[in-house]
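S.K.: I'd like to ask some things about the structure below.
The values are calculated or read from the model by the stated rules, or taken from the named source; none is laboratory data. Treat the numbers as computed from the prediction; the structure is a model and nothing was measured. Note that we place each Cβ from the backbone using ideal geometry, even for glycine, and neighbour counts take in every protein chain shown. Keep in mind that these areas ignore ligands, DNA and RNA; they rest on the heavy atoms of the full protein, side chains included. Shrake-Rupley method; radii C 1.70, N 1.55, O 1.52, S 1.80 Å.
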Amino acid sequence: MPVVAVVGGQWGDEGKGKVIDLLAGTADMVIRAHGGDNAGHTVINPLGEFVLHLVPAGIFNPAATCIIAPGVVVNPVSLLKEMDALEARGVATTGLQVSDRAHMVMPYHLVLERVQESLRGKGAIGTTGRGIGPAYVDKAARVGIQIGELLDPDSFKRRVHVAAESANRFLRSVEHEPEIDGDQIVREYLQIAERLGPYVADVSGRVADAVDRNARILLEGAQATLLDIDHGTYPYVTSSACTVAGLLQGAGIPPRALTRSIGIYKAYTTRVGSGAMPSELRDETGAYLREHAHEFGATTGRARRVGWFDGVLARYTARVNGFDQIALTRLDILDEMDSINVCVGYEVHGQRVDRLPSNHAMHDECQPVLEELPGWRESICDIADFAELPDEAARYVRRIEQLVGAPADIIGVGPARTQTIHRGDLWGRPD
């Protein structure tokens with residue numbers, strides 16, 4: 001019963017797309033289980049380079065069923081654009097199914113998020129502006145609109161007008177113009193329903209059947225653990241559950257069915273937006289890594305903050321998720337460095353601490369305790385066997401394994417599928 005969950009162990013942008021693509025090639029079912037189109041997975045395969053925001057990476061495997069599960073919030077406009085772009089490049093989307101229980105990101109959610117971020121001023125969270133937070137707020141408040149409701153035009157029209165008026169009351173209170181036009185939304189979304197309708201289904205039975213018949217199921221995580229609404233660096237987090245447990249909940253798969261969980265860690269650390277980042281590099285080294293690795297958001301294009309690998313936070317996220325193994329990505333980015341630091345603890349007011357304080361007001365007080373390791377000063381991009389890595393690179397990997405507490409069975413040494421070192425079977429069985 002191979003159910004494998006792939007989850008980011010940092011603040012996102014760890015290279016989950018590549019690892020997910022590797023697994024998806026032999027999967028029977030690939031499920032996107034949380035988040036929205038605020039996450040971008042970059043996939044490079046023989047068909048070219050793709051950035052996926054809602055469609056699961058299994059779409060490149062014609063034999064796989066791809067499911068957008070109930071835990072996802074779906075912007076139907078974005079989804080259709082993504083599907084059209086894939087079809088235009090010869091990638092069929094006929095294997096895609098969208099849960100009728102998935103909530104929709106509506107046009108007023110995007111407006112509300114922009115206004116709310118503006119009102120926060122210096123305390124802005126740094127969201128992508130995709131309306132994800134307000135969509136999850138409506139879901140929790142039990143006033144959200146599920147995608148299956150598109151198939152009932154009369155009910156959908158009533159729901160939209162109630163929601164639009166609620167949004168307009170808020171917008172009027174902050175003197176924001178123009179107001180939301182509910183009629184326009186209804187017209188636009190009912191046209192969308194004609195195209196999207198054939199893909200919308202109650203997917204729960206199909207998922208349960210796949211579990212029962214021991215199909216290979218891949219749970220595709222978006223964002224990452226440190227952005228989790230409960231376990232992340234709150235309040236600078238996303239609005240969904242980004243852990244392994246969150247994937248199971250969003251997909252509707254019982255915990256006992258989980259076979260293996262894989263944590264994705266970049267060989268250094270990056271973050272988009274505001275919030276804690278104790279190992280951040282604000283110097284020439286950080287600028288070099290950012291430019292050399294092209295660390296700019298796949299969704300927003302924003303420059304990412306860059307820092308040394310944070311072993312404290314990595315160990316924390318490994319424990320929260322119970323990772324069986326990790327995938328260490330972008331090791332090759334460090335090829336030209338004379339030495340590499342790793343954060344192994346924090347110092348707060350002169351005292352050593354081994355975890356990030358839960359009080360976010362204290363995060364800026366955390367100074368990284370760094371451990372220096374030698375660089376290898378040679379390219380590793382063509383290496384396919386761990387035994388062939390330079391001694392310094394192998395030492396760096398082993399140190400990260402010690403800090404995280406799980407073996408690095410997948411090591412990325414370049415962006416392509418083939419630029420990967422495998423130290424075990426991708427689905428959890430030893431070679």
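S.K.: Output the residues belonging to the stretch 45-59 that are in contact with a strand residue (DSSP E or B) (Cβ under 8 Å, 6 or more places away or on another chain) and hydrophobic (A, V, I, L, M, F, W, C).
M.R.: Matches in the stretch 45-59: Phe50, Val51, Leu52, Leu54, Val55, Ala57, Ile59.
S.K.: Just the residues that are open to solvent by 10 Å² or more (accessible area, probe 1.4 Å) and part of a helix (DSSP H, G or I), please, taken from the stretch 200-226.
M.R.: Within the stretch 200-226, Ser204, Gly205, Arg206, Ala208, Asp209, Val211, Asp212 qualify.
S.K.: Which of the residues belonging to the stretch 160-199 are open to solvent by 20 Å² or more (accessible area, probe 1.4 Å) and among the β-branched types (Val, Ile, Thr)?
M.R.: Val162, Val174, Ile180
S.K.: Does Ile383 count as open to solvent by less than 60 Å² (accessible area, probe 1.4 Å), among the hydrophobic types (A, V, I, L, M, F, W, C) and either assigned to a loop (DSSP other than H, G, I, E, B) or over 22 Å from Arg315 (Cα atoms) (or both)?
M.R.: Yes, satisfied.
S.K.: If Pro62 meets every condition in (1) free of Cβ contacts under 8 Å to residues at least 60 places away in the same chain; (2) out of contact with any strand residue (DSSP E or B) (no Cβ under 9 Å at 6 or more places or on another chain); (3) not in a loop (DSSP other than H, G, I, E, B) apart from one, which number is that one?
M.R.: (3)
S.K.: Separate question: Could you figure out which of (1) open to solvent by less than 60 Å² (accessible area, probe 1.4 Å); (2) closer than 26 Å to Leu23 by Cβ; (3) not in a loop (DSSP other than H, G, I, E, B); (4) not aliphatic (A, V, I, L, M) isn't true of Glu87?
M.R.: It is condition (1) that Glu87 fails.
S.K.: Can you tell me how many residues within the stretch 16-38 are in contact with a His (Cβ under 7 Å, 6 or more places away or on another chain) and within 22 Å of Thr420 (Cβ to Cβ)?
M.R.: Here the count works out to 3.
S.K.: Is at least one residue of the stretch 397-409 outside any loop (DSSP other than H, G, I, E, B), touching a residue at least 12 places away in the same chain (Cβ under 8 Å), open to solvent by 20 Å² or more (accessible area, probe 1.4 Å) and out of contact with any helix residue (DSSP H, G or I) (no Cβ under 9 Å at 6 or more places or on another chain)?
M.R.: The answer is yes; a qualifying residue exists.
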